[in-house]
Structures are given as C-alpha cells and as structure tokens.
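Chemist: Below are the structure tokens for one structure; questions will follow.
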Amino acid sequence: TAFDEYWQRQVAIIVVYTLIVSGLNLSFGYGGELALGQVAMFAAGAYVTAVLANHGHYELLLALVASIAAAGIVGLVSGVPGLRLGHWSLALTSFFLVLLIPDVLTLLEDETGGLQGLSGMLDPTLFGMTLDWTGFFVFAFVVGCLWLVVMRNLVLSRYGRSLRVLRESPQLASSLGLSVFRLRISAYVLGSLPAGAAGGVFAYLTGFISPDAFTLNLAIALLAASVIGGVDSIYGAPVGAALLVLGPLQTSGA
C-alpha cells in the first residue's frame, strides 16, 4: 500500500544517513578527526551512480562499487593535504570541500547537469534483473546492515583499538610504534566509503539529484546526528539517523 511504501522510504532514508553517520563516527568518534567532508563523498557516490545510469548502466552492484571507489578517492585527495598541515586543518579542508560542491558540478556540467541536476535513475537492476520498489528497499537495507557488521569488526579489531589510542593521545600512539598519519588518513578514507555507498543508494531512492541535496546544513545535521547517537558507538549511527529523519516528521505532524 501507499502507506507501507511511505514508511519503507523513510527507513531507506534512515539507512542512507546511517551509512554517512557511521563513517563520521569511525573517523571522528574513534579516530578523533573532526571533518565535515562526508557530504562531499556522499555527493561523489550519488553523481557517479547517476552518471552511470545516464549512460545506460543500471546495475546496482556496479553503482555501489563505483560509488565507494569515488568516495575513497575524494577522501584520499582531500585528506592527505588536510592531515599533513595539522590537526584542525582537516576540519577546515573538508568544510571548504563541501562549499565547493556546486562549483565542481558546474565545471563538469556536461556529465553532472550542473545546477539543474540529473534525473533518470529508474529501474535499477541486480544481476541483470530489474528490481521493483520493495526489492530495492531490501537491497538498501541489506547494504546498511552489512556495513554495520563491517564497522563492528573494524572497531573491535586491533585496528579499532589503535584508533582509540590515537584519539586519546597521538603521542602515546606514536610511542607504541603506531604511525599517527597513516592511522588518521586510513580512518578518514575508511569513513568516506559508506558515504559513497549512501550516495549510490540515494540516487536511486530519489531518482533525481542536484547540488541542493549536498549542503553545509546537511553536513552540520549529520554531525549533530553523530553526537546525539554517540560518536563512539557502533549502533549510535542508526539512532542518530532515525532522529534526524523522524524528528522533523514528528514535529511537523504535531
């Protein structure tokens, strides 16, 4: 029914925000690196998926891999100079990265549609089979759950313990033989990957994307969702994302 589809759509949006917030938790909550760049990686994933669709490639797994790769590249390119300059430089670099999104999309207007945006992300396929709305919803939900499992394993691993040492004291991490720079950049890049996946899901969820969907306001809202859910919590991301999505709905419906 229309009611069920409405709530499935809300849950799918929660999944999208969960992916972004959990990546932010990994770099900020566990690695101690404050950055707002996840929105730029989110945009990269969404536009890569949209461009693929506009060239006739509707396979969800292809879109997911390409979106994650694009987000990782954006994270690496923006993270290396930001982290080399100093602790707070990454926050500033990622802040300006989000502000540059409309300009970059305008420069690539032939592929991205510029400020007008892109449409046409319809009838996604999985292994060559076209998915209906319910099938796509299940796919998005599974992607979100799989990432939470991956993140849990990361956080509970030796790598996760190293990140927590880094967060508490870079000097201690260095004295234990850990590479502070490598830990910082790996946390930032790993945190960007689920944002790319979120972009791929979001493109097919909405069927239309434009620069208006990737703003500094969204970056701040996602940071707030991370803090409310718990920045160093594995399952805080879906809690914060649900509050971000359902909070305004409940308020407007009151």
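Chemist: Go through region 1-111 and tell me which helices (runs of 4 or more DSSP H), entirely inside it, have 2 or more residues that are under 15 Å from the mean Cα position of the chain (by Cα) and buried (at least 19 other Cβ atoms within 10 Å of the Cβ).
Modeler: Passing ranges, in order: 2-24, 38-54, 60-85, 89-99.
Chemist: Let me ask something additional. State yes or no: is THR112 under 13 Å from ALA44 (Cβ atoms), touching a strand residue (DSSP E or B) at 6+ places or on another chain (Cβ under 7 Å) and of a type outside the set (A, V, I, L, M, F, W, C)?
Modeler: Against the criterion (under 13 Å from ALA44 (Cβ atoms), touching a strand residue (DSSP E or B) at 6+ places or on another chain (Cβ under 7 Å) and of a type outside the set (A, V, I, L, M, F, W, C)), THR112 qualifies.
Chemist: Oh, and also: Could you tell me which of the residues VAL149, VAL180 is within 30 Å of VAL48 (Cα to Cα) and without any contact (Cβ under 8 Å) to a residue 60 or more places away in the chain? Steps first, please.
Modeler: Values: VAL180 fails: within 30 Å of VAL48 (Cα to Cα).
Result of the check over VAL149, VAL180: VAL149.
Chemist: Quick one: what pairs do we get from region 63-77, first residue at pLDDT below 90, second of a type in the set (Phe, Trp, Tyr), C-beta under 8 Å, 6+ apart or different chains?
Modeler: If the second residue must be of a type in the set (Phe, Trp, Tyr), the pairs left are GLY75/TYR188.
Chemist: Shifting gears a bit: For region 150-244, please list each of the helices (runs of 4 or more DSSP H) lying entirely inside it that holds at least 3 residues being more than 16 Å from the chain's Cα centre (by Cα) and closer than 18 Å to SER94 by Cα.
Modeler: Correct list: 180-206.
Chemist: For the condition at pLDDT below 90 and closer than 21 Å to GLY207 by Cα, what is the one hit in GLY45, GLY56?
Modeler: GLY56
Chemist: Continuing with the same structure: Of the numbered conditions (1) open to solvent by less than 70 Å² (accessible area, probe 1.4 Å); (2) under 24 Å from SER119 (Cα atoms); (3) modelled with pLDDT under 90; (4) aromatic (Phe, Trp, Tyr), PHE208 satisfies every one except a single condition; which is it?
Modeler: (1)
Chemist: Also, quick follow-up: I need the full set of residues from region 115-146 which are part of a helix (DSSP H, G or I) and either touching a residue at least 40 places away in the same chain (Cβ under 8 Å) or surrounded by 18 or more Cβ atoms within 10 Å (Cβ to Cβ) (or both), in order please. Let's see the steps before the verdict.
Modeler: If we filter region 115-146 for residues that are part of a helix (DSSP H, G or I), which is where we start, we get 115-116, 133-146.
Scanning region 115-146 gives LEU115, GLN116, TRP133, THR134, PHE136, PHE137, PHE139, ALA140, PHE141, VAL143, GLY144.
The values are calculated or read from the model by the stated rules, or taken from the named source; none is laboratory data. Since the structure is predicted, the reported quantities are computational estimates derived from the model, not experimental observations. Ideal geometry is used to build each Cβ from the backbone, glycine not excepted, and the neighbour counts take in all protein chains shown. Areas reflect the complete protein model, heavy atoms only, side chains present, ligands, DNA and RNA absent. Shrake-Rupley method; radii C 1.70, N 1.55, O 1.52, S 1.80 Å.
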